[in-house]
Each structure stands twice: as C-alpha cells, then as structure tokens.
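J.: Here it is, the structure, as structure tokens.
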Amino acid sequence: MTTEYAPIPVTVIGGFLGAGKTTYLNRLIQGGLPPDVLIIVNDFGDINIDAALIDYQDDNVMQLSNGCICCTLGGTLAEQLAQALRIRAAPGAILIEASGVADPARIADIARLSRRLRLAEVVCLIDGSQARRHATDPLVGDAWRAQVLAADTLQVNRLAPGDKRELEQWLSDFNPRARIECETEEAPADTPVQPSLSPRPSSPASNRTASHGHWHTFSLSGRGSIDKARLAALIEAYRDVLFRAKGFMLAESTDDIELLQFSGDRLHWQPALRAPGETRLVFIGIAGERFSAFEQAVKTLLENPSSSASSE
C-alpha cells in the first residue's frame, strides 16, 4: 500500500550577490516562522557564511556549499532533500536561500518535478540602489535579469524614498506578473511580507541552462589577524571585479572577531554575534587576471592562511 503525503510547499529566495537574502530570511524568522520549517542555504564558496548568520534552530538548517545549486539540478540539492524527507518528520514548509549567482527558475524546477513538493513562491531580493547598474552590466546583467524574471515577488530594499515610484514602474514593466514590495531607507519594514505557502499557478519547467562560467570565488580561514585598513584599500582598488565579500575576521587593531560585509558601494564591519573564533572570509568576483591579482594580494594579509578557490 502506497502512503500518500500532502505536498510540502517550497519557497525559493533568490537575488543577486549582496541583495539582502539572509537578512530577509532572518526577519522572517523573527516575525514568527513556524518551528517545523526546513531552511536550506546555498553559498557560492566552500565556507557557508550565510548559514552561520541564520538565527534559527540548527537542526532545521541545511547547508550546501562550494557551488551553485542551480548547476546541480539533479544532484546535491535533490539528493539532500530526498535524504531529509527520509530520515526526519516531513517539514511543514521548505525555504531555499539560493546563492547570489543562481537562477531561481532552475531551483524551482525541483519542486515542480517532485511529487513530494510543490512550488509556493519565488521571492527575489533586489538592492534598489544597484538595480539599474546590475540590469545593464555586460558581465552580470544576464544573471540579474534571470533572477528578476523568475520571481513572483520582488522584495526591494536600500531604496531612496524619491526613487520608489519610478523603480516600481521600471520593475513592473520588466516583470509584469510579479508583486513588488519596496522598502525605502527612510521607512524600512519591520517584517517583510510573509512568503505565500499556497501553490503558485502552474508553469512549465525552465529549459534555461545555467551559465555563469565567468564567476570565481576564493576563501580564507585561519587564526591570524587582518589589517582592516589594508583590506579596505584592496577592496576599493578591485571593485571593478569584486562583487561580494563577506565573513568573519580577526581585526588586527582590536583582536575582536568582526563581521565583514561588502556589496555594491557598501563596505562595513560590525561586531560578530555568532563568531566562529577565527577568520573565515569569502570573496566572489569576475574570473580573470584582475581577480587573481586581488586574490593573491588578500592572501598576504592573513598570517599562515588556509585558503581555497573555485570557479563557476
């Protein structure tokens, strides 16, 4: 006799590098996420910084690192989902935080093609201050546009109040079927709109192939300290090829573990509340000689570094 299961709703949270996906997810949790939700976090790199920043029950957070889950549609993600459903009680819902270079449409296909799952919604986070730049960038524009077109909801943040109406119209023209939620710098939302758990209208599976062969990532880990001023100078000098930096670092000036975040025009440090006790940094950018030079320069800042690199 075959046991029938109610399909588990799956929400995919996508968005470009540094768009605020982990912050959005944490605010969902703080707003009252049910305790039986399974969260899957993918990081493009072999150190999963985002999973370490999620303030949720550790047993309900699965980590996928060192790659982009949209490139392993029949592989890692599907296998881990199947394993999770075999060894544990079925979750009430699944939230997947995709990496910043992933195509959410391809991830959503996993839910469409499984009898145990159903796609509830694709949410795309957008940095309003960088949207037009990313849309027209010859190197990242294809990835950014694919993410926006895949979305049922566009969650826009970092938006100047005077730009709200114009950007809403621009995004609506770009993806007419998406609901648009804007959060301005003047009036940030306390809690983002809860993602829908009802089934989205059926649509065909994506036939797009993943294509982001120009991305490269490297990571550093170790107990050595880093000079913040020198690292900031390197990030500024290589901003043309560096799109994301994040992680924990032992600051040379204070001997404290701090959280580093860089994307777009923003570089900042803050006290790390859930620090691992050592430096763990991930950098993502455009593969080539410039990014290789940046990688070598950064590695000299950490004493006896343990480092790794990979490309997509």
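Read-outs throughout are calculated quantities, based only on the coordinates presented, and are distinct from any laboratory measurement. What you see is a predicted model; the values in this text were computed from it and never measured. Virtual Cβ from ideal backbone geometry, glycine too; neighbours counted across all protein chains shown.
J.: Can you check what the net charge comes to around residue 141, using other residues whose Cβ is under 11 Å from the Cβ of residue 141 (Lys, Arg +1; Asp, Glu -1)?
T.: Within the 11 Å Cβ shell, the charges total +1.
J.: Using 0.36 nm per residue of separation minus the Cα-Cα distance, give me the extension gain between residue 30 and residue 113 in nm, one decimal.
T.: Using 0.36 nm per residue and subtracting the Cα-Cα distance, I get 26.8 nm.
J.: Okay, next question. Between residue 266 and residue 299, what is the spin-label point distance in nm, taking each point 7 Å from the Cα along the Cα→C-beta axis?
T.: Each label point lies 7 Å from its Cα, and together they span 3.1 nm.
J.: Step through the residues of the stretch 281-291 one at a time and calculate ³J(HN,Hα) from phi using the Karplus curve (6.51 cos²θ - 1.76 cosθ + 1.60, θ = phi - 60°), rounding each to whole Hz and writing x for Gly and Pro.
T.: 10, 10, 10, 10, x, 8, 4, x, 4, 4, 5
J.: Then there's this: For residue 246, give me every one of the lysines with a C-alpha distance below 17 angstrom, ignoring sequence neighbours fewer than eight places off in its own chain.
T.: Filter leaves 21, 228, 299.
J.: Additional query: Under 8 Å for C-alpha pairs, at least 6 residues apart: give me the relative contact order for the stretch 215-303, rounded to a whole percent.
T.: On the way: 173 pairs, mean separation 37.2, N = 89.
That works out to 42 percent.
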